[in-house]
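S.K.: Take this structure, written in structure tokens, and hold onto it; I'll ask about it next.
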Amino acid sequence: MKNLKNLDKMTNEGVDNCSVEERRHFLKMGLTVTGVFAGGTILSAVSSVNKVYASTSGFVEKYPYKPHYSMIMHIENCIDCEKCKSACAETNGVPSYGFRTNILERQVAGALDQQREFIPVLCNHCNLAQCTRVCPTKATYKDPNNGIVMMNIEKCIGCLSCQLGCPYNARYFNEEKWAVDKCTFCWESRLSKGAKTTGCSEACPAGVRIFGDLSNPSDRVYKEVHQMTKTVWVLRPQAGTKPNVFYTRG
Amino acid sequence: MTQRAETAGLTLNAMESMLVDRLKSGSNAYYFALLVTGLMMLAGAIAGLQATVGGHHVYYGVSRQIPWGILISTYVYFAITSTGICLVSSIGHIFGVKAYMPIAKRAVFLSIITLSAGFLVIAAEIKVPIRMLVYNIISPNFTSNIWWMGALYGLALGVMIFEFIFLLLGKYKLAVACGFVAVVGELAANSNLAGVFGLLNGREFWHGPYLPIFFIASGVMVGCSCLILFHLWAERINEGPLHPGMPDCLSAIRKVAILMICVIAFFTIWRTVATLAGHPDGQYVGVMAMLTGEYSLSFWGGEILLSLLIPLGLYLFSKGTNMKLMLTAAILMLIGVFFMRHNMVIVGQVIPVFQGLGVTGSTELLKYSPTVHELMIVVGGFGFVGFMFLLGEKIFNGYPVEDHH
Amino acid sequence: MRLILTTILCSSIFLLAGAATTLAEGDYPEDIYYMKPVIGVVFSHQLHVEDNGMDCDSCHDGIFEMEARLAENEESFTMAGLADGEFCGACHDGDTAYDANTRCTTCHVGVIGYSRAHGLVNEEGPAHH
């Protein structure tokens, strides 16, 4: 029913579409796109396509926000040039001792094609964010409109529980602001001023970081998440936070 | 002459001169101890102020992935100890078990000062304590364990202060009522403190429902040792037995301590076995770090030998009558449990969050070692407890006991 | 006159010696890390010369200058240029060698790879910022 409700809000894609029931059925399949754990075996380094639909834990169940900001990473394109990191630091005034986004490296000796891959990470703007749950003063909170995990630095007491609650190491204490700092999908610096994408996404020369609206069927992120031919996963799905940053290859 | 009569009919001037007389009655050893603990307190205060003004990042050894260092583990140590003392003492003066009654006043006072020490230490770890005072009140987050923990411990502290005052004034019904609220508050606060760690899904080493039970059981265990230590110490300060019922009381506390040591040992064994059996992600490496790795000395030496096995042996051999053995057991346990808390807090963080991803650098454990400033603040916390205890013994004249039930 | 002759002689000896040391058979510089247009693209002489048996002329005959990293200044030193057969793309076309458009991280070791090779700390420090 939740999906059906969502459908009602969607714009009509055309009269030649299939029936609502069929669309709903398809959507449900898409919605249960599952999180194969991005890591571990050599198999998943070489190819994790064809082994993804084992789990039924749908991490996308509903879209409580409009727009529901999200990002999908095409990690096979990532070359760790770190232009995203520089752009992020420049756009958001991130000091050299901290970062809002980072690139991880995974080396797989013995893989036949290439022996390394890079994994960009940033705040996953989780639907069940633990950082906002543990914050004693609501200094960090989910924006009720777009789901971005925001900081109200005036309220931050610096207990750093949010840093421990975050399964993605997305937070750090900013000594200049006297508050925890984190990725806000460039809300203050860009989105709120009318920009359509984040600084990191714009700076990426390889098209790794695709930013968009997960609740908009005509959006690229929506299309890439709601399909079954290509593997889509999230990092650390067992942490149970229902993240909004997705990963794919190809 | 009872305390009640003493305090009730005095003018302020008379009270002052009475207090001065009491404070002047100490031995040389007493004043030396007062000086030492005072200096410890001073060192901690200086280090804390310097770090708060100059920036924690300059003076503390914590980092992005290990934001909670020895100050948090020390806070946990003091807070759980306070809960333990409160619970053990409540057996007597709240629930009316006669053997436990002689310790009531001193126990309440000890519970107050250990909790205060915890608050002082954590004030040095919170980055912006001023905002905490304001926004904890005007912007509370009811899903936050740390908020509940702070609020409930704060409440318990306030209520225990009233309880103590009522005990001094001889208003026992009010004291018992306050005591009951304090016990409930401390229990709830303590389990929320455990929830601060145990409810974090992303930190598998802590995650699970067992921590709250572990915290309370180990709290009672430490509380017993703490009570034994401070009562035996008080006997020396007061140069004589405190109360005819005291040996029986300490013997009874010793039995609770033995029981709780067994409970904690049971927990520790099963936690270890469960981890070895299934190699759960994020837990196995932590437990192995304690069994055979970097934290093995701290685990086997501190957590197993000092806090469990040796005290167990000594408490058993003392038969409840050999006070020297009991004193040794209590001191060793209080030292050992410090390592137990430190292992719990630190090992939970040294496992990199992306370890399961197998990314570069994530296979090794992260490093944390406390700085001189952090250690000085810890010393300051212990100094505070010692100093306040010593003062309390004189100010409250060795807590004369009356039967009130 | 003698001075000039001596100078010429000496310098030619030095030049020859210099040329001999830089161009000796099987001798080549360490791994080259290109920094433009993106940081951390590695080229290994060892891999190409020793393991794949190529000789100097294979590349240093119109494709790459002898001096390292001069290619960085060329506008066509991009993935698009490579696809057009420039620089690495001369061989890495999917025919002679694997296509430059595949196996990205074999050459792109990134800031992390660059830092590691040059002994710079890239990971988060152990304790202090």
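S.K.: Compute the separation of the alpha-carbon centres of region B:316-358 and region A:123-189 and state it in Å as a whole number.
M.R.: 33 Å
S.K.: At a Förster distance of 60 Å, what's the computed FRET efficiency of B:Lys24 paired with B:Leu309, Cβ-Cβ distance as r, to 0.05?
M.R.: On the way: r = 44 Å, r/R0 = 0.73.
Computed FRET efficiency for B:Lys24 and B:Leu309 comes out at 0.85.
S.K.: Another question, if that's okay. Estimate the FRET efficiency between B:Cys262 and B:Ala177 by the formula 1/(1 + (r/R0)^6), using the beta-carbon distance for r and 45 Å for R0, to the nearest 0.05.
M.R.: Numbers: r = 33 Å, r/R0 = 0.74.
With a Förster radius of 45 Å, E is 0.85.
S.K.: Along the charge dipole of region B:1-117, pointing to its positive end and built from +1/-1 on Cβ of Lys, Arg, Asp and Glu, which listed residue (B:Gly92, B:Val58, B:Ser25) has its Cα farthest out?
M.R.: Value computed over the given set: B:Gly92.
S.K.: Sum -39500 (n - 2.57) across every DSSP H segment of at least 4 residues in chain B, then divide by the residue count to get the 222 nm mean residue ellipticity, nearest 500.
M.R.: Values: 15 runs with 288 residues, N = 405.
It lands at -24500 deg cm²/dmol.
S.K.: Now, a different point. Once you place label points 7 Å from the Cα toward the Cβ at C:Ile32 and B:Val134, how far apart are they in nm?
M.R.: Here the modelled spin labels are 5.9 nm apart.
S.K.: Whole number please: convex hull volume per residue of the Cα set in region B:249-405, in Å³?
M.R.: Values: hull volume 25.5 nm³, N = 157.
It is 162 Å³ per residue.
S.K.: A follow-up question, please. Of all the C-alpha pairs in the protein assembly as shown, what % are more than 37 Å from each other? Kindly include the intermediate steps, with their values, before the conclusion.
M.R.: On the way: 163168 of 306936 pairs.
Here the long-distance tail beyond 37 Å is 53 percent of all Cα pairs in the protein assembly as shown.
S.K.: Long-range amide H contacts for A:Leu104: which residues qualify at under 5 Å (H placed 1.01 Å from N, peptide plane, sequence gap of 5 or more or a different chain)?
M.R.: Those lying under 5 Å, H to H, from A:Leu104 are A:Ile119, A:Val121.
S.K.: Now a separate question. How large is ³J(HN,Hα), in whole Hz, for each residue of region B:255-271 in order, when computed from phi with the Karplus curve 6.51 cos²θ - 1.76 cosθ + 1.60 and θ = phi - 60°, using x for Gly and Pro?
M.R.: Each residue's phi maps through the Karplus curve to give 5, 4, 4, 4, 4, 6, 4, 5, 4, 5, 4, 4, 4, 4, 4, 6, 4 Hz.
S.K.: Give me the distance in nm between label points sitting 7 Å out from Cα along the Cα-to-Cβ direction at A:Glu188 and B:Arg271, one decimal.
M.R.: If labels sit at A:Glu188 and B:Arg271, their model points lie 3.9 nm apart.
S.K.: If the cut-off is 14 Å between C-alpha atoms, which aspartates and glutamates fall inside it for B:Lys324, apart from same-chain ones fewer than 8 positions away?
M.R.: Output for B:Lys324: B:Glu235.
S.K.: OK, next. Any of A:Lys193/A:Lys242; B:Lys171/B:Lys394; B:Lys173/B:Lys319 with alpha carbons more than 30 Å apart? Name them for me. Write out the running numbers ahead of the final one.
M.R.: Numbers: A:Lys193/A:Lys242 28 Å; B:Lys171/B:Lys394 22 Å; B:Lys173/B:Lys319 35 Å.
From the list (A:Lys193/A:Lys242; B:Lys171/B:Lys394; B:Lys173/B:Lys319), the Cα-Cα distance tops 30 Å for B:Lys173/B:Lys319.
S.K.: Another one. For region B:28-395, what Kirkwood radius comes out of the mean inverse Cα-Cα distance, in Å?
M.R.: Values: mean 1/r = 0.0474 Å⁻¹.
Answer for region B:28-395: a Kirkwood hydrodynamic radius of 21.1 Å.
S.K.: B:Ser369 to A:Ile153: FRET efficiency via 1/(1 + (r/R0)^6), r the Cβ-Cβ distance, R0 25 Å, to the nearest 0.05? Walk me through the numbers on the way to the answer.
M.R.: Values: r = 30 Å, r/R0 = 1.20.
FRET efficiency, B:Ser369 to A:Ile153: 0.25.
S.K.: Could you list which residues have their amide H under 5 Å from that of A:Phe246, counting only those 5 or more apart in sequence or on another chain, with H placed in the peptide plane?
M.R.: Under 5 Å from the amide H of A:Phe246: A:Met71, A:Ile72, A:Met73.
S.K.: When Cβ neighbours within 10 Å are restricted to other protein chains, what is their mean count per residue of peptide B:125-135? The partial results should precede the final answer.
M.R.: On the way: counts 3, 4, 10, 10, 3, 2, 11, 7, 1, 4, 10.
Across B:125-135, the average partner-chain Cβ count within 10 Å equals 6.
S.K.: Provide the per-residue ³J(HN,Hα) series for region B:280-286, in order, calculated from phi with Karplus coefficients 6.51, -1.76, 1.60 and θ = phi - 60°, each as a whole number of Hz, with x at glycine and proline positions.
M.R.: Along region B:280-286, the couplings run x, 3, x, 9, 4, 4, x Hz.
S.K.: Antiparallel versus total DSSP beta bridges in the protein assembly as shown: what percent is that, nearest 5?
M.R.: Around 85 percent antiparallel, to the nearest 5.
Throughout, read-outs are computed from the coordinates displayed, never taken from laboratory work. Everything quoted here is computed from the prediction, not taken from an experiment. Counting neighbours? That spans all protein chains shown, and the Cβs are built from the backbone with ideal geometry, glycine included.
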